[in-house]
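This report concerns only the one structure given below.
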Amino acid sequence: MYRYLFGPVPSRRLGVSLGVDLTPDKSCSFNCVYCECGKTGALTAARREYTPTAEVISELRAFLLKAPRLDSITFSGSGEPTLHTGLGTVVSFLKEEFPAYRVTVITNSSLLHLREVRDALLQADLVIPSLDAVSETVFRHVNRPVPGMTSTALIDGLRVFCDSFPGKIWLEIFLVPGLNDTTHEIELFRALLQTLRYERVQLNTLDRPGAVSWIAPVGTRRLEEIARSLGERVEIVASRRPGASMSEHDSEVRNLVLSTLQVRPCTISELTDVTGYSADDLLPLLHALIADDLLETRDESSGLVYHGRIGRHTFR
């Protein structure tokens, strides 16, 4: 039973990933229109100890002493991990006591201009920073940052980080139709990418409900066009699995559902978007999880909503 860990879950980019959520109250410096965790609860750029660092380390030690098969220990979750002042301490603990595991940090890049944040990331094996816009106008429409934060400052911090970080960097661009997928914005991306050091660029787009109702995915053909225009080190990571069968993946789907509902309550329709499985496939699993006292349902304005039971979340 863990408060700050979720998974392991299958990740299309990272393999079997154990998630570490350092800001579980959805504290973030952005309120991105596409965020799968919904609207930001606390829009802030203030760094502090959002969760007890010692408790996070204790949970990680207890979990990892079982020698689980993992491809990554990933700092992500419901908020921005670099807001947590203990991030560097936790990363250092992992590399000192469990060096065999790859440590990944997924960040929105907003705080990379801070020396203390770059130092906190130094021992990570892989950092996946977001770069969703170059122009200020599009940045504000897509990322909806905390007041005072600018695209220029983000890019300057990202450039310094790319020049100084010794590990691998995979830049992620999350594309939103009509905003950052225009010919003009893609040309700005292309020019900027020529000035940065990174291993790869990953293009992503919506494959589950975002923070706003009007958000939609960029089409496959347009994604392929953009990938070609941005260069050889670009890959498309957006993926959907409509009509997939659960028969061979029951435990993976169970963990995916539990980890999703721990971060964000969902309707059955939203869970089908998250997992790629039909409602008919998911309902028996949801009923079993309710019977195990791991989930509960609530009647809300959007219909029947599934919630993870706080403090009862377990993974198998």
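A few comments on the model shown:
- Note: relative contact order over region 1-43, using C-alpha pairs below 8 Å and six or more positions apart, is 29 percent.
- Those aspartates and glutamates that a straight Cα-Cα span of less than 13 Å connects to K95, excepting residues fewer than 8 apart in one chain: D125
- Accessible-area ranking of E116, E296, E172, largest first, probe 1.4 Å: E116, E296, E172
- Look at the alpha carbon pairs under 8 Å that are at least 6 residues apart: their mean separation over the length of the chain gives a relative contact order of 17 percent.
- Counting only DSSP H runs of at least 4 residues, each contributing -39500 (n - 2.57), and dividing by the residue count of the chain, the helix-based mean residue ellipticity at 222 nm comes to -10500 deg cm²/dmol.
- Directionally averaged projected area (convex hull, Cα atoms, the chain), nm²: 15.6 nm²
- Accessible area in square angstrom per residue, the chain, 1.4 angstrom probe: 44 Å²
- Accessible surface of the chain [probe 1.4 Å, protein heavy atoms]: carbon and sulfur percent: 51 percent
- Using the Cβ-Cβ distance between T182 and V160 with R0 set to 30 Å, the FRET efficiency works out to roughly 0.60.
- Value in Å of the Kirkwood radius, where region 45-135 supplies the Cα pairs that are averaged: 13.7 Å
- Distance between region 160-237 and region 1-64 - C-alpha centres, whole angstrom: 23 Å
- For the chain, built as a Gaussian network whose Cα springs stay under 10 Å, the top-fluctuating residue of L196, L18, L256: L196
- Reachable aspartates and glutamates from K39, criterion Cα separation under 14 angstrom, eight or more residues apart if same chain: D25, E80
- Note: region 108-189, Cα convex hull, 86 Å³ per residue.
- Full-extension gain in nm, R190 to A227, via 0.36 nm per residue minus C-alpha separation: 12.3 nm
The values are calculated or read from the model by the stated rules, or taken from the named source; none is laboratory data. What you are looking at is a predicted structure, and each value in this text was computed from that prediction instead of being measured. So basically every Cβ, Gly included, is an ideal-geometry build from the backbone, and we count neighbours across all protein chains shown. To get the accessible areas, we keep the full protein, side chains included, count just its heavy atoms, and leave off ligands, DNA and RNA. Shrake-Rupley method; radii C 1.70, N 1.55, O 1.52, S 1.80 Å.
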